[in-house]
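The values are calculated or read from the model by the stated rules, or taken from the named source; none is laboratory data. Predicted, not measured: the structure shown is a model, and the values here were computed from it. Positions of Cβ are generated from backbone atoms using ideal geometry, with glycine treated the same way; all protein chains shown enter the neighbour counts.
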Amino acid sequence: MKSLPQEMAAQFLDELLHVSNYNEYISRFDSELYSLHEEYDQKIFLSIVASKVEEQRKEHEKKCTDPVCPSDLGYLKVNSHFQYLMKQLGILQEDQFSSENINTIVEQFDNLVKAYEAMGQEVETLKRELNDLKDHFFLGKTRWRQFSKGKFGEMVTSGLVSEAIAKPIVDFFNKGISQLGY
């Protein structure tokens, strides 16, 4: 089950995927963002939408042949606004995940769940905790990695996940995640 900010981000992106008036896009984004009362939820919403918009910008850049494309200015305006909001919310930019990093981690999470399902292991708790980790990419690479290690340590000590399940996951964080450059 997705969290409220995840659902709102998905709906926002579906409805406004190809808005050509970027001032309207920013205005509607702000309205959605500030309808979330918890700063934590705002960070999740902002991180998801900003990541997707950056992905769209890169795709557009690959395909566009117009040297004075009006969309370039629109993406600059939107991204500049997102950077401002991230600074206001205390999200450090230099330590943020790229959309490629996020996609790689999510893919590895999915592979991990499939491997445990294939072994006949109970994976509902694992799925829930991995989904929670996906909500925390806004923490930045360093703090997210620390958070994720702590989360699995807590799951083992509380008995939610056996050490046999947690050990390969912690190894994944130590090896696989470090290969992404942090």
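Would you check if TYR84 is more than 14 Å from the chain's Cα centre (by Cα) and closer than 30 Å to ASN21 by Cα?
yes
Quick one: count up the residues across segment 150-174 that are part of a helix (DSSP H, G or I) and either under 30 Å from LYS87 (Cα atoms) or among the β-branched types (Val, Ile, Thr) (or both).
10
Give segment 143-170 a look and list any residue that's surrounded by 12 or more Cβ atoms within 10 Å (Cβ to Cβ) and of a type in the set (Ser, Thr, Tyr), or say none.
SER148, SER162
On the basis of being in the same structural domain as ALA9 (by TED's automatic domain parsing) and either at pLDDT 75 or above or small (Gly, Ala, Ser) (or both), does PHE152 make the cut?
no
Show me the helices (runs of 4 or more DSSP H) found entirely inside segment 56-149 where at least 2 residues are of a type in the set (Phe, Trp, Tyr) and touching a residue at least 12 places away in the same chain (Cβ under 8 Å).
Result: 70-88, 99-118.
Please find, within segment 51-77, the residue that is surrounded by the most Cβ atoms within 10 Å (Cβ to Cβ) out of those that are closer than 26 Å to PHE138 by Cα and of a type in the set (A, V, I, L, M).
Here the answer is VAL53.
Results for (1) out of contact with any Asp or Glu (no Cβ under 8 Å at 6 or more places or on another chain); (2) modelled with pLDDT under 80; (3) of a type outside the set (D, E, K, R), shown as yes or no for each residue.
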| site | (1), (2), (3) |
| --- | --- |
| GLU100 | yes, yes, no |
| VAL123 | no, yes, yes |
| TRP144 | yes, no, yes |
| SER148 | yes, no, yes |
| VAL156 | no, yes, yes |
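Any residue at all in segment 35-49 that's in a helix (DSSP H, G or I), among the acidic types (Asp, Glu) and modelled with pLDDT of 85 or more?
yes
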